[in-house]
Amino acid sequence: MIEVGTQLPEKIFYLDRELLKRYADASGDQNPIHKNEEFAVSVGLPNVIAHGMLTMALVGKYVSDFAGGSAKVVEFGARFTKPVIVPAGQKVDLTVTATVAEISEGKISLTLSATSAGVKVLGMAKAIVLQ
Amino acid sequence: MLNPDSVGSTFAGTDSITVSQSEVDAFCAVIGESDTTIAPLTFTIRITLTQFEEILTRPEIGLDWSRLVHGDQKFEIFSPVKPGDELTCNATIESYRVAAGNEIVTVRSDLHRDKKLVVSAWSTLVVRA
């Protein structure tokens, strides 16, 4: 039973450098901060970081799974508050949960939470799906 | 610096863009989506960001794309995008401000299929000081 305040099950995605490369190819975003550690550090980042839009794409998968398919999602937004840091040779987590914020007029609003290594990486993340 | 006179301007994409099955397949594979009959929620960002870059870096607009970070992103989806769709893309520079030396620009992308709006997407882009 879904009601306001219901917390949805957590899902953990794992990101590594290989996934970043595949996302770069799939999205066309070839910014070197997502693949070249030396370059990333030279522009003040701690290490290679995931594309914010990769994080959002994975959270989007969580939302569409809940909704019963992408076709039932009508709104999806987030602020990129902290980067997902992806060191070489490691798999890092992206842990996603959601809470039902509102149910009205056949639509469910979700407040989404996304963390990596315990750090909140998205802010103001929400989605609206058809009931 | 972005030319402030450009705020409020809408730029029409020149050509329509056909969504290919192979592009959708590749995007789905990255996120572990098995249904490849519909584009994933954020798929159209590849169309939108490419167009934003083309427009915002024009000499008369003048944004420095090399120091850009993505601040936030929102999609409103009126009709799911599918492989085979032919989309046209309009981009509007909605707002611009400078805060602590950072340039903050909000751009909206409207994707149409057969003149009907299918996705509006808002991106806040930050050019770091």
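The values are calculated or read from the model by the stated rules, or taken from the named source; none is laboratory data. Quick caveat, the model's predicted, so the values are computed rather than measured. As a convention, Cβ positions derive from the backbone with ideal geometry for all residues, glycine included, and neighbour counts pool all protein chains shown.
Taking A:THR99 as meeting all but one of (1) in contact with a Ser or Thr (Cβ under 9 Å, 6 or more places away or on another chain); (2) assigned to a helix (DSSP H, G or I); (3) not hydrophobic (A, V, I, L, M, F, W, C), write down the number of the exception. It fails just one condition, (2). Consider A:SER70 carefully, then state whether it is without any contact (Cβ under 8 Å) to a residue 60 or more places away in the chain, of a type outside the set (Phe, Trp, Tyr) and within 12 Å of chain B (Cβ to nearest Cβ). When the stated conditions are applied, A:SER70 passes them. For the range B:29-49, the condition holds for at least one residue, the condition being that it is touching a helix residue (DSSP H, G or I) at 6+ places or on another chain (Cβ under 6 Å) and either among the polar types (S, T, N, Q) or more than 30 Å from A:GLY68 (Cα to Cα) (or both). Of everything listed in (1) without any contact (Cβ under 8 Å) to a residue 12 or more places away in the chain; (2) of a type in the set (Phe, Trp, Tyr); (3) crowded, with 18+ Cβ neighbours inside 10 Å, the single unmet condition for A:PHE39 is (3). Restricting B:LEU125, B:LEU111 to those that are among the aliphatic types (A, V, I, L, M), touching a residue at least 40 places away in the same chain (Cβ under 8 Å), touching a Cys at 6+ places or on another chain (Cβ under 7 Å) and crowded, with 16+ Cβ neighbours inside 10 Å reduces the list to B:LEU111. For the range B:18-70, the tally of residues that are among the hydroxyl-bearing types (Ser, Thr, Tyr), buried (at least 19 other Cβ atoms within 10 Å of the Cβ) and closer than 20 Å to A:LEU15 by Cα stands at 1.
Against the conditions (1) closer than 17 Å to B:ALA121 by Cβ; (2) surrounded by fewer than 19 Cβ atoms within 10 Å (Cβ to Cβ); (3) within 15 Å of the chain's Cα centre (by Cα), A:VAL74 satisfies every one except (3).
Quick check on B:ARG58: is it out of contact with any Asp or Glu (no Cβ under 6 Å at 6 or more places or on another chain) and closer than 22 Å to A:GLU18 by Cα? When the stated conditions are applied, B:ARG58 does not pass them.
Of the residues making up the range A:100-109, one or more are free of Cβ contacts under 8 Å to residues at least 24 places away in the same chain and of a type outside the set (Asp, Glu). Listed by first and then second residue, the pairs with beta-carbon distance under 7 Å, at least 6 apart or on different chains, first residue in the range B:1-22 and more than 30 Å from A:ASP25 (Cα to Cα), second of a type in the set (A, V, I, L, M, F, W, C), are B:ASN3/B:ILE61; B:SER6/B:ILE61; B:SER6/B:ILE93; B:VAL7/B:ILE93; B:GLY8/B:ILE93; B:SER9/B:ILE93.
Yes/no matrix, rows are residues, columns are (1) at pLDDT 95 or above; (2) surrounded by 13 or more Cβ atoms within 10 Å (Cβ to Cβ); (3) touching a helix residue (DSSP H, G or I) at 6+ places or on another chain (Cβ under 6 Å); (4) among the charged types (D, E, K, R):
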site: A:ILE85; (1), (2), (3), (4): yes, yes, no, no
site: A:LEU94; (1), (2), (3), (4): yes, yes, yes, no
site: A:VAL100; (1), (2), (3), (4): yes, yes, no, no
site: A:ILE103; (1), (2), (3), (4): yes, yes, no, no
site: A:LYS107; (1), (2), (3), (4): yes, yes, no, yes
site: A:ALA114; (1), (2), (3), (4): yes, yes, yes, no
site: A:LYS126; (1), (2), (3), (4): yes, yes, no, yes
site: A:VAL129; (1), (2), (3), (4): yes, yes, yes, no
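Looking only at residues of the range A:117-128 that are in contact (Cβ under 8 Å) with a residue 24 or more places away in the chain and more than 16 Å from A:GLY60 (Cα to Cα), we find that the one that is farthest from the other protein chains (Cβ to nearest Cβ) is A:ALA117. For a quick check of your reading: which strands (runs of 3 or more DSSP E) sit entirely within the range B:4-111 and have at least 1 residues that are within 12 Å of chain A (Cβ to nearest Cβ), touching a strand residue (DSSP E or B) at 6+ places or on another chain (Cβ under 6 Å) and among the polar types (S, T, N, Q)? The strands (runs of 3 or more DSSP E) meeting that bar are B:68-77.
Filtered by the rule that a residue be more than 7 Å from chain B (Cβ to nearest Cβ) and either under 10 Å from the mean Cα position of the chain (by Cα) or among the small types (Gly, Ala, Ser) (or both), the range A:49-62 gives A:ALA50, A:HIS51, A:LEU54, A:THR55, A:VAL59, A:TYR62.
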